[in-house]
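Reviewing the structure listed below.
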Amino acid sequence: MEALELVLFLLAAVVASSILEKLLPRLSLPLVQIALGALIAAFVATPLESGLDPELLLILFIAPLHFNESRHADSGALWANRWGIASLAVGLVFAIVASLGFTLHALLPMIPLSVALALGAAMGSTDAVAVTSLSRDLRFGRRHEALLTGEALFNDVTGTVVFQCCIAVAVSGTFSIVHAGEEFALDLFGGLIGGAIMGLVAWLVLELIRRGGIDGPTLHVTLELLLPFIIYLAAKQLHIGAVIAVVAAGMVMSLLPHRHSAQTARQKLQSRSVWHTIEFVLNGVIFVILGMQLPRVLRPAAEGGMGDPLAIVGVMVALTLVLEAIRFLWIVGMDAVEFRRARKTGDASDRQRRFLTKAELKGALAMAFAGPKGGITLSLMLTVPSTLAAPDGTMVREALVSIASGVILLTLLLANFATPLLAPHKREAKRTRERVDAEIELIERVIDSIEDDAHMTGVVRGENAVVTDEGADEPATVIVMERYAAQLKELMPHASPPVAAHAKTVAARCDELYGSIAGLAREVTGLSEDADEDEDGPADASLITAHFRAVRQTYDAVENIQAQALVRELEFIQQLRAEGAITPSHAKELRNDVYIQQLALN
């Protein structure tokens, strides 16, 4: 019963966080979820009060989220930036381990160096969930986005292996570089190869099921949901990197050919819908659980059980500053290497471009803040043995977990408040005047085509139709025109003045036509009231029935007219692309919006 109550609390917190995010636009969804988790932990007794099983966290949340993310990652961009991703996933992790380890040991000499290095290793793993959320909303540039995604997917293995080696040294006092190298190679390359093989096997199984005629959308989606757990558990049994194996399997499955048919299209749509829901729930639950853990692990520091609370907070702040500084310097160095390569191999404009401009420094700083720590870092720190002690016999596990939790919280705060100041929001960045003007022109063409086709698409005729001097001959046409006019009104504030003025005229004309529909509704209402007062009820009732039938026919016609308008919209998108008014990527986005509306009609 306690487990059921916990699940209900977690789901309720996820739903509430989605609502609160709209009311608190300055806070990102992960921070809202962490705050709700902390509130739950403060007022409700849950089974998580005794601690969280780190392995359960990895298999239930990290494995499926990494699997889904790897399947939809831009494999071409990841391969093109493979050396940069390797630098972040390996080189940067070792730099963070050394810098944070020596800094922590210098600030708190009571913590052995090997243990301090273990904390640095746990900080090497970025939170893929938070990174995905940031890269989805903010524009970092194609190369930087690929680097962030690749780092989040592949740097777990480096931090995990180094962490395990440091803990082994702290417990046993011995260290073998050969053993550490073997562990790293087995986790990384074993995970990549093993995951690729398991991804191929999974793809073959799905293909055999499909060709056998026993596949269906429900069965297909269910198998997809099971795959990350099966792959993770199989990798654990083989003693290879489980998270890397899940990532490799997802990427291989996305690269292998897939049949295209009506059935596979339905499967793909249903799969995406289910995975979007699962991703939303798992993302939310993992941050709510993180919020529930933070009060428990931060309590010793707040109560002074580890010394002066202000001093511990100072250590957290210092480690966070060192961490972000190392990330920033490393990224600037990578950008310098890329700049030098571009000058050697690029065109004249690349050779004349200046390096370390203000915009480039802002982009590098945004990338530094966009690598917050999260679930994997906390799960690693929770595996620190409770018997780990300093030379004077003082237990240091609580101190390490508290400090790590504080750094996690500070990096998430920086990602939430600092990164949006440095990187433009994708939605706002896309709303350039050129793009908005093109979209307004598209909508105006659609409105004109709806009006021109009214004599063909309209089904309400004769005295039941709403005839106007402007040309629209029936209510269904006007209703669809008004829908597009509403889109014009949303775009007008971002358009150039002449385009906005013309769009305002078009929208006003649609509003005037739509007013005739409101007049028809008032007329029907008035007839109904007259029938109630008049003794000649049957005759008036017959008239009311005729009008209501006309209204019903009108709204039945709306769907047909909307479908034809969407077809025309696709034609106009192609025309605007051929004219050079919109880019291919912009055209693709607009087409996708139309496809979604067509699916909704069906």
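The values are calculated or read from the model by the stated rules, or taken from the named source; none is laboratory data. Only a predicted model underlies this, so the values are computations on that prediction, with no experimental measurement involved. FYI the Cβ positions are ideal-geometry reconstructions off the backbone, even for glycines, and counts take in every protein chain you see. The area values use the complete protein model at the heavy-atom level, side chains included, leaving out ligands, DNA and RNA. Shrake-Rupley method; radii C 1.70, N 1.55, O 1.52, S 1.80 Å.
Here's the yes/no breakdown for (1) modelled with pLDDT under 85; (2) under 18 Å from L410 (Cβ atoms):
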| site | (1), (2) |
| --- | --- |
| A95 | no, no |
| L104 | no, yes |
| L107 | no, yes |
| G120 | no, yes |
| A128 | yes, no |
| S135 | yes, no |
| R139 | yes, no |
| L147 | no, no |
| L153 | yes, no |
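Is it the case that some residue within segment 553-561 is assigned to a helix (DSSP H, G or I), surrounded by 15 or more Cβ atoms within 10 Å (Cβ to Cβ) and modelled with pLDDT under 70? Scanning segment 553-561 turns up at least one residue that is assigned to a helix (DSSP H, G or I), surrounded by 15 or more Cβ atoms within 10 Å (Cβ to Cβ) and modelled with pLDDT under 70.
Selection over segment 139-156 of residues that are assigned to a helix (DSSP H, G or I) and closer than 15 Å to S87 by Cβ gives a count of 11.
Scanning segment 156-176 for residues that are open to solvent by 80 Å² or more (accessible area, probe 1.4 Å) and at pLDDT 75 or above yields Q164, V171. Here T126 meets each of (1) out of contact with any Asp or Glu (no Cβ under 9 Å at 6 or more places or on another chain); (2) not in a helix (DSSP H, G or I) with one exception, condition (1). Any residue in segment 196-206 that is within 18 Å of V157 (Cα to Cα) and either open to solvent by 70 Å² or more (accessible area, probe 1.4 Å) or not in a loop (DSSP other than H, G, I, E, B) (or both)? Yes, segment 196-206 contains a residue that is within 18 Å of V157 (Cα to Cα) and either open to solvent by 70 Å² or more (accessible area, probe 1.4 Å) or not in a loop (DSSP other than H, G, I, E, B) (or both). Listed by position, the helices (runs of 4 or more DSSP H) enclosed by segment 404-488 that each have at least 2 residues that are at pLDDT 80 or above and within 30 Å of Q575 (Cα to Cα) are 433-452. Considering (1) more than 22 Å from A242 (Cα to Cα); (2) more than 33 Å from the chain's Cα centre (by Cα), the lone condition that R210 does not fulfil carries the number (2).
Total residues in segment 203-228 satisfying the condition of being under 23 Å from V281 (Cβ atoms) and of a type in the set (A, V, I, L, M, F, W, C): the figure is 6. Whenever a residue of segment 372-384 is surrounded by fewer than 23 Cβ atoms within 10 Å (Cβ to Cβ), its partners that are in a loop (DSSP other than H, G, I, E, B), lying with C-beta atoms within less than 8 angstrom and at least six residues away or across chains, give the pairs L382/G51; L382/L52. The helices (runs of 4 or more DSSP H) located wholly in segment 1-93 that include 1 or more residues which are over 30 Å from G199 (Cα atoms) and either β-branched (V, I, T) or at pLDDT 80 or above (or both) occupy 2-23, 29-43.
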